[in-house]
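The values are calculated or read from the model by the stated rules, or taken from the named source; none is laboratory data. Given the structure is predicted, the values throughout are model-derived calculations rather than measurements. Glycine gets a Cβ as well: all are built from the backbone with ideal geometry, and neighbour counts include every protein chain shown.
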Amino acid sequence: MRTEDFDYHLPDELIAQYPANQRAGSRLLTLDGGTGGMADRQFKDLPALLRAGDVLVFNNTKVIKARLFGQKESGGQVEVLVERIINQHEVLAHVRASRSPKSGTLLTLAERWRVEMVGRNGELFHLRFLDDEDVFAILETSGRLPLPPYIEHNPEADDETRYQTVYAQKPGAVAAPTAGLHFDEVMLTDLRNMGVVTCEVTLHVGAGTFQPVRVDDIADHTMHSEWYEIPAETVDIIRRAKAEGRCVTAVGTTSLRALEAASQSGRLIAGQGETDIFITPGYQFQTVDRLLTNFHLPRSTLLMLVSAFAGYDHIRGAYQHAVAARYRFFSYGDAMLITK
């Protein structure tokens, strides 16, 4: 398939710049991947669409304050977006500067942190923080929240809370698993009380999630890599559900990618690793029956993923409907519940 097959027109005013007043206050479009049938609902209707015994799989990654500003020894300005924390003092990062820093270049970030440019890893820069402070602590005290490029305001106090799921635990993501932003503690409690089973995976979402596919033939695209972990408890919960014919719903494309990456042998396996799984139409899903997700960027790998899950024509129809019905798009926007 061609990348242009996954393009669509989206009026700028439908790109959500702020979240709904309440986490569960968004709209919810349901899509049956078997028939293409759609229904307009509210996210608060979600419990009515689930049954006791259904499994919801959440991504418990936590967004780090990954953006830092500073300067080179020469005085040139730099912007650093941490993509991956390697250890307590080293990271892989995107660096924006008038001239790319060379190996050995020293940077000063946030007017206090000394950083050495060690080398390159593809498009990423390998940086070493020279102070004794742990990188996580440096980012927490001096970094800025990395809001998506299509959100036009600088991070505000509300973004610190709302661009983070209420169940976020493990720091490492530079983008939120946005389908989870709709859940509040009240809904999670209500779901568990009605017998819905919840479990977690971790996938640290990278900045590559926002990148459009730039090749003409999608088969030529090189997918970015992300770290994931599947706990043994989650595997046990899902295996029992599948054996008993209960529905497994991935909350977000990141949860789905982690589960499918760990299912490539034909059986879900616990563990951790890197995944660059690229899911496009024709992919045979191993584990996930239903997907809760937001609306995705044109020409993006995530739009290709949902097209694989629900069917290309059904997704095109759903997105056309969502634009016409004035749904709100992307990270702070509305949600879809898709049956495979």
If we keep only residues of the stretch 150-197 that are of a type in the set (D, E) and assigned to a loop (DSSP other than H, G, I, E, B), then the residue surrounded by the fewest Cβ atoms within 10 Å (Cβ to Cβ) is E152
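If we scan the stretch 270-278, do we find a residue that is in the same structural domain as R51 (by TED's automatic domain parsing), surrounded by fewer than 17 Cβ atoms within 10 Å (Cβ to Cβ), under 18 Å from H224 (Cβ atoms) and among the acidic types (D, E)?
For the stretch 270-278, residues in the same structural domain as R51 (by TED's automatic domain parsing), surrounded by fewer than 17 Cβ atoms within 10 Å (Cβ to Cβ), under 18 Å from H224 (Cβ atoms) and among the acidic types (D, E): present.
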Do we have any residue at all in the stretch 137-149 that's of a type in the set (D, E) and closer than 20 Å to V78 by Cα? yes
Being out of contact with any Leu (no Cβ under 8 Å at 6 or more places or on another chain) and hydrophobic (A, V, I, L, M, F, W, C) is the filter here, so list the residues in the stretch 5-20 that pass it. L10, L14, I15, A16, A20
What pairs can you find where one residue is in the stretch 63-82 and in contact (Cβ under 8 Å) with a residue 40 or more places away in the chain, the other is among the acidic types (D, E) and crowded, with 20+ Cβ neighbours inside 10 Å, and their Cβ atoms are less than 9 Å apart, with a gap of 6+ or different chains? A66/E83
Specify which of the listed residues (P281, P298) is in the same structural domain as R51 (by TED's automatic domain parsing), more than 20 Å from V251 (Cβ to Cβ) and out of contact with any Leu (no Cβ under 7 Å at 6 or more places or on another chain). P281
Filter the stretch 124-146 for residues that are in a loop (DSSP other than H, G, I, E, B) and touching an Asp or Glu at 6+ places or on another chain (Cβ under 9 Å); which is nearest to L68 (Cα to Cα)? L145
Within the stretch 202-215, is even one residue over 30 Å from D5 (Cβ atoms), buried (at least 18 other Cβ atoms within 10 Å of the Cβ) and either modelled with pLDDT of 95 or more or of a type in the set (A, V, I, L, M, F, W, C) (or both)? yes
Pairs where the first residue, in the stretch 198-216, is assigned to a strand (DSSP E or B) and the second is of a type in the set (K, R), C-beta under 9 Å, 6+ apart: T198/R192; T202/K170; L203/R257; P212/R299
All but one of (1) among the aromatic types (F, W, Y); (2) assigned by TED's automatic domain parsing to the domain that holds Y327; (3) in contact with a Ser or Thr (Cβ under 7 Å, 6 or more places away or on another chain) hold for Y8; state the number of the condition that does not hold. (3)
Which of the following residues is buried (at least 18 other Cβ atoms within 10 Å of the Cβ), free of Cβ contacts under 8 Å to residues at least 60 places away in the same chain and not assigned by TED's automatic domain parsing to the domain that holds F309: L92, L106? L92
Scan the stretch 38-74 residue by residue and report those that are surrounded by fewer than 14 Cβ atoms within 10 Å (Cβ to Cβ), over 26 Å from A20 (Cα atoms) and either under 20 Å from the mean Cα position of the chain (by Cα) or not hydrophobic (A, V, I, L, M, F, W, C) (or both). R51, E73, S74
Pairing a residue in the stretch 117-134 that is over 24 Å from Q211 (Cβ atoms) with any residue that is among the polar types (S, T, N, Q) and outside any strand (DSSP E or B), where Cβ atoms lie under 6 Å and the two sit 6 or more apart in sequence or on different chains, gives D134/Q88
